[in-house]
Amino acid sequence: MPGESLSSISGFSFLDSWGNKSGMLFAVSGTYFKGFPWILQDYTSEELDLNNPTVFRDLSKPIGVVNEKNAKAMREKYETFEDPMGTIDKFHYGTHYSNSAGVMHYLIRVEPFTTLHIQLQSGRFDCADRQFHSIPATWQALMDNTYDVKELIPEFFYFPEFLENQNEFNLGHLQVSQEVVNDVILPRWAKSAEDFIYKHRKALESEYVSAHLHEWIDLIFGYKQRGPAAVEALNVFYYCSYEGTTPSKIISRRSHTKTDQNRSRNPKPLSAPP
């Protein structure tokens, strides 16, 4: 639970307890989900060396700015933003790291999320190039695209079935390569979906993550979530993402409901500044 150290519980339980305590939960078809962090940045090596700190993602930075190129773009966006109506505060991110659309994106191969995805896409699968088809490609898209800030979901650490197209859905072809989208393409260091889950969970429980996971907690649940510390950390979200705010009256109910698929609420802060 919040207040416990990682030396007393597993990293998975640590994240799970923070999510429960903060209310970082949202329902998709009656199932409750919470956000988990990307913890690795090496998805191309033949072997995963958990003793090498360079294989890990920098947990002190929001996922949208883990590289300097994106950090510079987000800093400039924040500094130059000005709402002509004066109702919207400056922000770095217009979408959210954890939301129902992200869950459907990752779990597209597993019912009932397949059906929910089709309903969201007006009765058909989305364009194959926008689907979750490759873990290395998804990570690279985060590095290349400042508008995608999706973190992970807990299933990345215990549920190998979501990486396999066991129901043989026709997910289409990639436009350039014409490659069929089927099972999720894994990092080179993973020999199977089960092997990926085993190694990914092992990475979550590694000494490096245990030593740095509190930095991500500060961003999501702690003192870097709001105020000057959030600005400095490049961690400010659209104002509707925060507890206690309501959508602007200038946004219609219909458009706001559709936007909510890509925007969730930040959990209530649970830790004070050090």
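Under 7 Å between Cβ atoms, at least 6 apart or on separate chains: pull out the pairs that start in the stretch 169-194 with a residue that is on the phi > 0 side of the Ramachandran plot and end on any residue that is at pLDDT 95 or above.
Taking only residues 6 or more apart or on different chains, the pairs are G172/V181.
Can you tell me which residue among G86, G30, G94 is at pLDDT below 95 and touching a Pro at 6+ places or on another chain (Cβ under 9 Å)? Spell out the reasoning first.
Values: G86 fails: touching a Pro at 6+ places or on another chain (Cβ under 9 Å); G94 fails: touching a Pro at 6+ places or on another chain (Cβ under 9 Å).
Result of the check over G86, G30, G94: G30.
Report, by residue number, each residue of the stretch 195-229 that is more than 19 Å from F36 (Cα to Cα) and modelled with pLDDT of 95 or more.
If the condition is that a residue be more than 19 Å from F36 (Cα to Cα) and modelled with pLDDT of 95 or more, then D195, P228, A229 are the ones that fit.
Test L152 against the criterion of being in contact with an Asp or Glu (Cβ under 7 Å, 6 or more places away or on another chain) and open to solvent by less than 20 Å² (accessible area, probe 1.4 Å), and give yes or no.
It is false that L152 is in contact with an Asp or Glu (Cβ under 7 Å, 6 or more places away or on another chain) and open to solvent by less than 20 Å² (accessible area, probe 1.4 Å).
Which members of the stretch 192-215 meet the condition of being part of a loop (DSSP other than H, G, I, E, B) and under 20 Å from F132 (Cβ atoms)?
S192
Is there a residue in the stretch 121-137 that is among the β-branched types (V, I, T), open to solvent by 20 Å² or more (accessible area, probe 1.4 Å) and in contact (Cβ under 8 Å) with a residue 40 or more places away in the chain?
no
Restricted to the stretch 77-97, and to residues that are open to solvent by 50 Å² or more (accessible area, probe 1.4 Å) and outside any loop (DSSP other than H, G, I, E, B), which residue is nearest to G64 (Cα to Cα)?
The extreme case among them is K77.
Taking H117, is it in contact with a strand residue (DSSP E or B) (Cβ under 7 Å, 6 or more places away or on another chain), within 29 Å of Y239 (Cα to Cα) and crowded, with 21+ Cβ neighbours inside 10 Å?
Numbers: in contact with a strand residue (DSSP E or B) (Cβ under 7 Å, 6 or more places away or on another chain): no; within 29 Å of Y239 (Cα to Cα): yes; crowded, with 21+ Cβ neighbours inside 10 Å: yes.
No; evaluated as a whole, the condition is false for this residue.
The values are calculated or read from the model by the stated rules, or taken from the named source; none is laboratory data. In this text the structure is predicted, and so the values were computed from the model without any measurement. Reconstructed Cβ throughout: ideal geometry from the backbone, glycine too, with neighbour counts over all protein chains shown. When the accessible area is computed, the model is the full protein with side chains, heavy atoms only, and any ligands, DNA or RNA have been set aside. Shrake-Rupley method; radii C 1.70, N 1.55, O 1.52, S 1.80 Å.
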